Amino acid sequence: MRLVSWNIENATRCMGALPAIVADLGTPDVLCLQELRIGPQDGDAIHSLQRALPGYQCHYALANDPRNVTFRGGRMYGVATFARGRWRPEATPWDLEGRVIAIRKRGIAVVNVYAVNGTAKPYYEETGAVAGDRHDLKRRFQSRIMDLGRALRRDGGVIMAGDWNVSRTAQDTHPRLRTEEPHAQARAELNARIVADGFVDIWRARHETERRYTWFKRGSRTLDAARVDYILVSDDLASAVRSAEILELLPHSDHAPIMVDLALAR
């Protein structure tokens, strides 16, 4: 099974090019896209998304939170997973911002993740009450997504792939790792959960000393980049991984795709 994850940055900008892009990516069995920038009101764009890749099922989640998702008319975030074969979606009712879609079939689950980027902007509950800021939301999201991965492990192997909006170590960023609070706390909590819940950052496990990045700041005269996109596999799947790679940056996004190949028992 080949899985590719890519923060596409704006799906509508390259919808028509997706079949060619997917072919260039080796026609993966599962394709996880983040940052669609499609809203639930965009019927034509949703219709195009669902039919963008013949031969794939399209499972998606879009932002539907008018209190917290207002930029670009609510057309922020959004994730879509294209999968060959028959998969069933897993409900995540706590996700109102279109950041998670989980699919599963016998013995394996895939979680597509577009994690929160922490800021000091307030976060509003459905009642209108302020529930901290988006730094707090980031940490709650990280906890919930790891809880989901741990729960899915009861029925088999789990792959969690996407844009985590966290560089795990200084080795994963240039020119420097943000060590100030609250970034340090969010990083420490996520790193601890990855280990405690039995997941492996598979690219780093296979490339222990290499410096490669998945996000690049546009227009920067010097290198400003970070590895914030990664694939976590449950430790029972680690031995099935044949390769894990960061692919070449595509012209459509400021993120590079990432890929994992696994040899799975049928």
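The numbers here are math on the coordinates, done by the rules we state, and not lab data. No experiment lies behind these values; they were computed from the predicted model shown. Counting neighbours? That spans all protein chains shown, and the Cβs are built from the backbone with ideal geometry, glycine included.
I need the calculated FRET efficiency for the pair A23 and W94, taking r as the beta carbon distance and R₀ as 45 Å, to the nearest 0.05. For A23 and W94, the calculated efficiency is 0.80. Would you work out the relative contact order for the stretch 2-262, in percent, from Cα pairs under 8 angstrom that are 6 or more residues apart? Dividing the mean separation by the residue count of the stretch 2-262 yields 18 percent.
I need the calculated FRET efficiency for the pair R212 and A240, taking r as the beta carbon distance and R₀ as 25 Å, to the nearest 0.05. Could the numbers behind the result be given before it?
On the way: r = 22 Å, r/R0 = 0.90.
Once the sixth-power term is evaluated, E becomes 0.65.
Looking at the stretch 29-87, which trypsin sites (Lys or Arg not before Pro) are in a loop (DSSP not H, G, I, E or B) and have at most 16 other Cβ atoms within 10 Å?
Details: sites: R37, R51, R67, R72, R75, R84, R86; in loops: R37, R51, R67, R75, R84, R86.
Sparse-neighbourhood loop trypsin sites (Lys or Arg not before Pro): R51, R67, R84, R86.
If one computes the Cα centroid of the stretch 5-58 and of the stretch 186-204, what distance in Å separates the two points? Taking the Cα centre of each part, the stretch 5-58 and the stretch 186-204 sit 28 Å apart.
Computed from Cα atoms alone, the Kirkwood hydrodynamic radius reported for the stretch 150-205 is 12.7 Å.
If packing is taken as the average count of other Cβ atoms within 10 Å, what order do 190-196, 222-228 fall into, highest mean first? Don't skip to the answer; put the middle values down first.
Working: 190-196: 14.9, 222-228: 17.4.
So the peptides 190-196, 222-228, ranked by packing, come out 222-228, 190-196.
Put simply, the convex hull of the Cα atoms in the stretch 2-262 casts, on average, a shadow of 13.5 nm². Defining a contact as two alpha carbons under 8 Å apart and six or more residues distant in sequence, what relative contact order in percent does the stretch 53-116 show? RCO, the stretch 53-116: 33 percent.
Which shape class applies to the stretch 79-143: rounded if a/c is under 1.5, otherwise prolate when a/b exceeds b/c and oblate if not, where a ≥ b ≥ c are the square roots of the Cα gyration tensor eigenvalues? Since a/c reaches 1.5 and a/b is larger than b/c, the shape of the stretch 79-143 is classed as prolate.
Amide H contacts of V113 (H built 1.01 Å from N, in plane; Pro and chain starts excluded): A161, G162, D163 sit under 5 Å, all sequence-distant by 5 or more or on other chains.
Figure the gain on full extension for R106 and T179 (residue separation times 0.36 nm, minus the Cα-Cα span) and round it to one decimal in nm. Could you put the intermediate results ahead of the total?
On the way: separation 73, 0.36 × 73 = 26.28 nm, distance 4.10 nm.
Gain on stretching R106 to T179: 22.2 nm.
Here the Gaussian network model covers the chain, with springs between Cα atoms less than 10 Å apart; of Y56, Y230, Y77, Y56 fluctuates the most.
When the alpha carbon coordinates of the stretch 156-266 are projected onto the principal axes, the ranges are 48, 33, 24 Å, largest first.
For the peptides 166-178, 205-217, 251-263, residues were scored by their other Cβ atoms within 10 Å and the scores averaged per peptide; the highest-first order is 251-263, 166-178, 205-217.
Can you give the extra length, in nm with one decimal, that the chain gains between R72 and S48 once fully stretched, where that is 0.36 nm per residue apart less the Cα-Cα distance? Show your work: numbers first, answer last.
Values: separation 24, 0.36 × 24 = 8.64 nm, distance 1.96 nm.
Stretched fully, the R72-S48 segment lengthens by 6.7 nm.
D for the stretch 1-135, whole µm²/s, Stokes-Einstein with Kirkwood Rh over alpha-carbon pairs at 25 °C and 0.890 mPa s: what number? Present the calculation step by step, with values, prior to reporting the outcome.
Details: Rh = 15.5 Å.
Result for D is 158 µm²/s.
Were the residues from E126 through A192 laid out at 0.36 nm apart, the gain over their Cα-Cα distance would be 20.7 nm. Measuring nothing but how far apart in sequence close Cα pairs (under 8 Å, 6+ apart) lie, relative to its length, the stretch 1-100 scores a relative contact order of 29 percent.
Mean residue ellipticity, 222 nm, helices only, the chain: the sum of -39500 (n - 2.57) across DSSP H runs of n ≥ 4, divided by residue count and rounded to 500, is -6000 deg cm²/dmol.
Taking the convex hull of the alpha carbon atoms in the stretch 109-176, what volume per residue do you get, in Å³? Display every interim value, and only then the final one.
On the way: hull volume 7.4 nm³, N = 68.
Enclosed volume per residue, from the Cα hull, is 109 Å³.
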